[in-house]
1. Per-residue HN-Hα couplings for segment 46-57, Karplus 6.51 cos²θ - 1.76 cosθ + 1.60 at θ = phi - 60°, whole Hz, x for Gly and Pro?
2. Could you give the distance between the Cα centres of segment 17-63 and segment 321-353, to the whole Å?
3. Enumerate the aspartates and glutamates that Lys95 could reach by cross-link, defined here as Cα to Cα under 14 Å, with residues fewer than 8 away along the same chain left out.
4. Between Thr48 and Leu292, take the C-beta separation as r, use R0 = 30 Å, and let me know the FRET efficiency to the nearest 0.05.
5. Would you calculate, for the chain, the mean residue ellipticity at 222 nm contributed by helices, counting each DSSP H stretch of 4 or more residues as -39,500 (n - 2.57) and dividing by all residues, to the nearest 500?
6. Can you bin every Cα-Cα distance in the chain into 10 Å intervals starting at zero and give me the percent of pairs per bin, rounded to whole numbers?
7. Identify which of Val78, Val319, Val47 has the largest mean-square fluctuation in a Gaussian network model of the chain, with springs joining Cα atoms closer than 10 Å.
8. To test your reading of the geometry: what angle, between 0 and 90 degrees and rounded to tens, separates the Cα axis of helix 346-364 from the longest principal axis of the chain?
Amino acid sequence: MSFARLLIALSLACPLSAAELVSNEADGIRWYDAHQLGVEGQGWTDVTSIYDRLPKKAQGVVRDDVWNLSRDSAGMCVRFVTASPAIHARWTLTKENLAMVHMPATGVSGLDLYAKDDKGTWRWVSIGRPTAKTSTAKVIDGLPTVEREYMIYFPLYNGVTSVEIGVPAGQTITDAPDYAAVQAKPIVFYGTSITHGACASRPGMVHTAILGRWYKRPIINLGFSGNGRMEPEVTALLTELDAAVYVIDCCPNLSGDQTAARTKPLVEQLRAAKPDTPILLVEDRRYTDAWLIPGKAARNDGNHEALRKAYDELIADGVKNLYYLGGDDLLGDDNDGAVDSSHPNDLGFYRQAVEFDKVLRPLVMK
C-alpha cells in the first residue's frame, strides 16, 4: 500500500499489503479485520477508539455533545477485493439502541455493501442487518467467483468497536487499489443531522456517500446531529485536514442571526490555514411543509438571506475559491423528499446529491 493511501485512506494503523492480510477461521468462515484494510472517512489516527471521527485531543475542547456524536462511524467505509461467492460480516456496536423512531435500524446500525461493475461504477449489492449489539450476517451469497472490488459502509448513528468481513474458508480478501493521485484528497463535510445521515434507510444512501461513489474519492463526514453550529473549535480541527473541498452545511442548526454572526469568521479561519482550498457554503434546506407553515418559511428565508449576505461580503473582501449552493431545491419541490419535513428520506438524499454535484463536480473532477 502506498504512502499516499496511508495518508488519505485514513486508517488508524498501518494497513497491511495484500500478501500480509491476516485472517482467522471459525465455523468454515475466514474472517478479516476491516481495520487492516485501511478505513476511509476517518480524518485522524490519534483517536480514543479505533473508529472515532474526531481525534482524542478534541475531547474537552469541542462541546460534549459534539464529542459524543463524533463516536458514531458515519461516513466510514472499507474497500476490498475478493472472488468469493459469499460475503459475511460481523460487527460490534457501541450503543444498544439499533434504530430511531424516524430512522430504521439498517441506517442507524447496519452495514451497506456495494460492488464495482465491469465499467467501474459502484452499484448496491446488499445490507448487513443489525440484530443485536454484536451481529453476524451473511450479507450476500451466490456471487460469481470473479475477482471484484467491494465497499462496505459502516453505521450512521451508532459507533462500532470492531468490523470483520468474512468469506468461506479457502477464499481470500485482498487490499483494494489505491486511489489515483487526482482523487486522493477527501471532500470534507461539516454539518448537521442531515450530513450525519438522518434519515437514510441505509448508510450508502446519504448524499455524502453517493457523491463519494460518483467521484470515486474519499469523503470525511463530520455531521453532528443538532450540533453543526460553525464553531471555531471544530473549524480548527477542519484546518488539519488536507481537503479537496470543504463543504459547510450547518445552517439547519442555526438561526438567521447565528448564521450572520458565524459564517464570515468560519471562512476566515479556514482561509487563513488553507489559502487555496475551495470552500462551499450551503443554504438551509427548505422544510417540505414550509409552503403551509409561515413560521418555517420565515426561518428558511432568514437563514438564506443571512448566508447569502455573508457570502457576498466575503467575495467583496476578495476571498477566493468560495462557492455557494442554494437550499430551495435540495429536497425537491413536491414534498416527498423528507421523513418529517426536515430530514431527507432516500429520495431526498439523492436529490441533494444531484444539487451538490452541480457545484462540486467542476471542483473535484478536473
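Bear in mind that the values in this text are calculations on the coordinates, not laboratory data. What you see is a predicted model; the values in this text were computed from it and never measured. Counting neighbours? That spans all protein chains shown, and the Cβs are built from the backbone with ideal geometry, glycine included.
1. Per residue, the Karplus-derived 3J(HN,Hα) values read 8, 10, 6, 10, 4, 10, 6, 9, 10, x, 5, 5 Hz.
2. 32
3. In chain and number order, the partners are Asp52, Asp72.
4. Numbers: r = 45 Å, r/R0 = 1.50.
Rounded to the nearest 0.05, the efficiency is 0.10.
5. On the way: 9 runs with 96 residues, N = 366.
For the chain, the value works out to -8000 deg cm²/dmol.
6. Result, from short to long distances: 5, 25, 35, 23, 9, 2, 0 percent.
7. Val319
8. So the inclination is approximately 80 degrees.
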